[in-house]
């Protein structure tokens, strides 16, 4: 039952933000709710590690190894985002307290919708929650109310709602098949996986295409990724961290959740499709990364690249799924760190153009070091966590016999590495004009960045046994 | 009523539904597009009503009622209220692809929809066999219409048409689990509120709703 | 045999004699709906009588084509009438002499000669009208073909008498998407082929905007009467194909007896009246399209017809 508190806590915080009090009440409530949620998530993870699953309301709310991994990631990022927002948003809105409260209201509602996705046990309700994440984050994306911000919010809303509407037909088809196969079964993920072998293969294939395209839009898979760099660069930095770090990963979770269903289709190369879609995204994003002029857009393209890597990894089988899920976690942590560091640079320079940021190392050693660390982390350099997961992915691909695909993947990763490091290198080193923003970073921003660096470093050197166990269970569950 | 007559009337609604999708693709005026959307929503609720009657399903009846209330009355009212000026202008919406080309693509979309649904629908009851391909074709056509429209309101209307199409297939295939459909129908209203608010903010802040004209954000390759 | 021929003759007479009335009724309905004082539905008869009494003027530039074209265009709808069910639901003498594609060809022949004659008259507006009519026909013809394909997929035949019974077997077949879309596409073809709104304005007198009428500008006297009469018959024949073959093959005589045929004439006239109301309603609610938008209207028709065919192929 305690799992139900996870979405309820941010709702309570959202209610508190409605009270017209001093802004620190809203900030504090958001942070407190996030920290408490993280505590519950850790507790749930331990329970799942012991017993395999936790059920709060049978057939409605619960958690298993796969979803608790995601819940943990969401909770960690919720904490750092709440902390980062404390000083960052105050700087952004100035004295407009009502606008700041509005921000925290939206943030808490957005976090609620994110928390709902992994803990709901019914695909139809999960779909509703996915749609809610879009609706509740649209105004966060357009928060700065500039022409570009609103355009980004518009593209984000229209394309992801379009994707969700396509996906809903796929989910409906699955439910129809479920009722045909076992009429009295509850409409849960588990029942769906169980009944899949008895459903019509044609129906499953159509549902697969609709869901992959529909949710793939929201994950930012290649031909439908166009909204992602816009939305993920225009939003305020803590929101970017949540969007890039967990939102896309959360929707990817919904696709992965259905893998046992697709595997039940006879003579259908599901893994081939995943690898094809994944590789396409990695390749496209890697080459687009070479051409970016905006450092937040650069991070956004890197997100497209990483989602592609994860999808490809899952296509490699069970070992690949293990590494891919690990990548889902490490990418979320590293990308949030990167966006926090980028936000600090934005506060200093008041521009997102790479060409206007030079000699960051001299202007602000802290943000320079953090940006460099974040860039190395997302580019997959040891000793950071992403290196470990990417290395495992490539190894699992080789073990599974996908030599050429691994070679291509490695090539694309190398291209992306060059793209990211070239741009960040230019920003950090070299000579340039002094920043025109304020030189002092807010304390909470510094705190949040440092806090985010820790797991990225630790997970690169050491995988906690609980995490290992959860990853093993989850990878077994999705690659039956 | 005879069951075959119900099937027949449902098929009639389906054919007209598909035709409104084509007309929408060919229409260039915002006000006309909105009235096409309203007519299509009426056809959708007609199909839901017929099936509710045939299957004695209270859920579907509720879906039909919600559809009429939301899509025929509430959404147009909301759009006219918050964006009245855009509807009044009689100018033609800019289309990225010429109408005849779009119509040829719509043919392709319908072919694909029928081709894909044929093996599934042949094993399903008659309502599904009619609604699934038509809904799927509407889905593809609306996605295409969304892609070629460059202004905010027509894009949003395409999105609403997309919603209609998904529901048109949905009412037939999910007649057994209609609880969530009600949730989804209500969600359509939330989507509209949020998008209408966003459109209004855009037109207030920037003075235009031609999102294609906002060239601030471009794909890297096309710079 | 003899009775079959007689009924065929009666069928032709019905079309020839009622066509002006049909057109007049349509004009009367439209003007009445638009709140104007309408001319009598019998007005086309008065016009024809007047024109036949007048003498004919032929340009010295014109060749034999100009003089022959009215006769050809007058005969063409009569030949088509022999092939389609006008009053009877059983096949008549010429029923298997040509199918719907053949009927389409014969109608096309008439169009071809009127267009040639319009160019032959050396009147610049004639050539303009001819090229525009050709453009519309060029776009309509593939749609005709698609409609016939759809029909043949459903009925395994394109003989009108065989086709007509296909869709009324059950209400499910009647309301099948393929049938509904086919009917809609055919209505749009009827509008386009006969120079009705939104493709052309039948009541317009502005030479630059004319499509269908400008071909006849140089004709006078009996020749003009024949051309007008031919146009009226063409509208009636296409309406009859729509009503008796594609949509409502009801109310037709089942046996070649006088009472049955008389009833059929009444009932078919009634169906035509209803169809005229439909066309009048469509025309009143639409504005004429600009010339280059006509291709969009016909594109819409094409899509409708093709989707009807797709639906028919997949039996949905």
- request: Select from the range A:74-131 the residues that are more than 14 Å from every other protein chain (Cβ to nearest Cβ), assigned to a helix (DSSP H, G or I) and free of Cβ contacts under 8 Å to residues at least 40 places away in the same chain and list them in ascending order.
  value: A:93
query: Among the residues of the range A:169-208, which ones are more than 7 Å from chain B (Cβ to nearest Cβ), outside any loop (DSSP other than H, G, I, E, B) and out of contact with any helix residue (DSSP H, G or I) (no Cβ under 6 Å at 6 or more places or on another chain)?
result: A:180, A:190, A:191, A:194, A:197, A:201, A:204, A:205
- prompt: Of everything in the range B:115-139 that's at pLDDT 85 or above and surrounded by fewer than 23 Cβ atoms within 10 Å (Cβ to Cβ), which residue is farthest from the other protein chains (Cβ to nearest Cβ)?
  reply: B:115
statement: Within the range B:153-172, restricting to residues that are facing chain A (nearest Cβ under 8 Å) and closer than 15 Å to residue B:76 by Cβ, the one that is farthest from the chain's Cα centre (by Cα) is B:156
message: Restricting to the range B:20-37, name every residue that is at the interface with another protein chain (Cβ under 9 Å from one of its Cβ atoms) and either within 16 Å of residue B:166 (Cα to Cα) or crowded, with 24+ Cβ neighbours inside 10 Å (or both).
response: B:22, B:25
message: Looking at residue C:219 and the list (1) buried (at least 24 other Cβ atoms within 10 Å of the Cβ); (2) not in a loop (DSSP other than H, G, I, E, B), which single condition is not satisfied?
response: (2)
message: The conditions are (1) closer than 28 Å to residue B:191 by Cα; (2) assigned to a helix (DSSP H, G or I), and residue A:143 fails exactly one of them. Which is it?
response: (2)
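When you go through A:33, A:95, A:82 one by one, which is the residue that is farther than 24 Å from residue A:126 by Cα, outside the structural domain of residue A:187 (by TED's automatic domain parsing) and at pLDDT 90 or above?
The match here is A:82.
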- request: Answer yes if at least one residue in the range A:214-225 is modelled with pLDDT under 90, part of a helix (DSSP H, G or I) and facing chain B (nearest Cβ under 9 Å), and no otherwise.
  value: no
field: Any chance residue C:58 is surrounded by fewer than 19 Cβ atoms within 10 Å (Cβ to Cβ) and out of contact with any helix residue (DSSP H, G or I) (no Cβ under 6 Å at 6 or more places or on another chain)
entry: yes
task: Report those helices (runs of 4 or more DSSP H) wholly inside the range A:256-370 carrying at least 3 residues which are under 26 Å from residue A:127 (Cα atoms).
output: A:259-263, A:270-289, A:295-315, A:318-349
message: One residue is enough: does the range C:43-52 have a residue meeting the conditions without any contact (Cβ under 8 Å) to a residue 60 or more places away in the chain and touching a helix residue (DSSP H, G or I) at 6+ places or on another chain (Cβ under 8 Å)?
response: yes
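I'd like to check something: does the range B:3-18 contain any residue that is surrounded by fewer than 17 Cβ atoms within 10 Å (Cβ to Cβ) and either more than 8 Å from chain C (Cβ to nearest Cβ) or not in a helix (DSSP H, G or I) (or both)?
yes
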Filter result for the condition that a residue is assigned by TED's automatic domain parsing to the domain that holds residue A:216, within 19 Å of the chain's Cα centre (by Cα) and under 25 Å from residue A:226 (Cβ atoms), over A:254, A:314: A:254
Residue within the range A:433-450 that is farther than 25 Å from residue A:87 by Cα, touching a helix residue (DSSP H, G or I) at 6+ places or on another chain (Cβ under 6 Å) and buried (at least 20 other Cβ atoms within 10 Å of the Cβ) present: no
statement: In the range A:140-150, anything facing chain B (nearest Cβ under 8 Å) and either touching a strand residue (DSSP E or B) at 6+ places or on another chain (Cβ under 9 Å) or surrounded by 24 or more Cβ atoms within 10 Å (Cβ to Cβ) (or both) is listed as A:142, A:150
message: Being within 27 Å of residue C:29 (Cβ to Cβ) and either surrounded by fewer than 22 Cβ atoms within 10 Å (Cβ to Cβ) or in contact with a strand residue (DSSP E or B) (Cβ under 9 Å, 6 or more places away or on another chain) (or both): is that true of residue C:292 here?
response: no
field: Condition met for residue A:159 (facing chain B (nearest Cβ under 7 Å), in a helix (DSSP H, G or I) and either in contact with a helix residue (DSSP H, G or I) (Cβ under 7 Å, 6 or more places away or on another chain) or in contact (Cβ under 8 Å) with a residue 40 or more places away in the chain (or both))
entry: no
- request: Please list, ordered by first then second residue, the pairs with beta carbon atoms under 7 Å, 6 or more apart or interchain, first in the range C:80-94 and over 15 Å from residue C:241 (Cβ atoms), second assigned to a loop (DSSP other than H, G, I, E, B).
  value: C:90/C:254
- prompt: Does the range C:7-28 include one or more residues that are over 28 Å from residue C:221 (Cα atoms), at pLDDT below 90 and not in a loop (DSSP other than H, G, I, E, B)?
  reply: yes
task: Could you tell me whether residue A:470 is farther than 29 Å from residue A:291 by Cα and within 20 Å of the chain's Cα centre (by Cα)?
output: yes
query: If residue B:87 satisfies every condition in (1) under 25 Å from residue B:147 (Cβ atoms); (2) modelled with pLDDT of 80 or more; (3) more than 10 Å from chain C (Cβ to nearest Cβ); (4) assigned to a helix (DSSP H, G or I) but one, which is the exception?
result: (2)
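The values are calculated or read from the model by the stated rules, or taken from the named source; none is laboratory data. What you see is a predicted model; the values in this text were computed from it and never measured. Reconstructed Cβ throughout: ideal geometry from the backbone, glycine too, with neighbour counts over all protein chains shown.
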